[in-house]
Amino acid sequence: MESPTDCALVIAYADGEPDGFKAQSKAFHGAWLNAGNRAALLEIPKRNHFDVILDLADTKSGLFRSVLNFIEPTN
């Protein structure tokens, strides 16, 4: 097993993704956590495979807030 890293991830997928992409994101999230790392898993509503990244530009979105929280933790 690899040793944990300080690199935290935000793993996001669109609710409009095919089931295979959703499963892949969930499996990757689980593997990352099982290796002792930090990660957030988000399903982004009303998005698809091509526009899910747009939520990074919306300061009110969950994706933006999750990324910001890993950069500047509030605890």
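The numbers here are math on the coordinates, done by the rules we state, and not lab data. If you're wondering where the values come from, they're calculated on a predicted model, not measured in any experiment. No Cβ is skipped: glycine too gets one built from the backbone with ideal geometry, and neighbour counts run over all protein chains shown.
Computed quantities for the displayed model
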{"quantity": "Value of Rg/Rh across the chain [Cα atoms, Kirkwood radius]", "calculated": "0.99"}
{"quantity": "Residue list for segment 54-69, given a label point 7 angstrom along the Cα-to-Cβ vector of residue 8 and an amide N cut-off under 14 Å", "calculated": "63-69"}
{"quantity": "Amide hydrogen neighbours beyond the local backbone of residue 9, cut-off 5 Å, H modeled", "calculated": "38, 39, 40"}
{"quantity": "Value at 222 nm in deg cm²/dmol, rounded to 500, when DSSP H runs of n ≥ 4 in the chain each add -39,500 (n - 2.57)", "calculated": "-11000 deg cm²/dmol"}
{"quantity": "Cα-centre dipole for the chain with unit charges at Cβ (Lys and Arg positive, Asp and Glu negative), debye to 20", "calculated": "120"}
{"quantity": "Contact order relative to length of the chain, as percent, for alpha carbon pairs under 8 angstrom and 6 or more apart", "calculated": "35"}
{"quantity": "Distance between modelled label sites at residue 15 and residue 58, nm, 7 Å Cα→Cβ extension", "calculated": "1.1"}
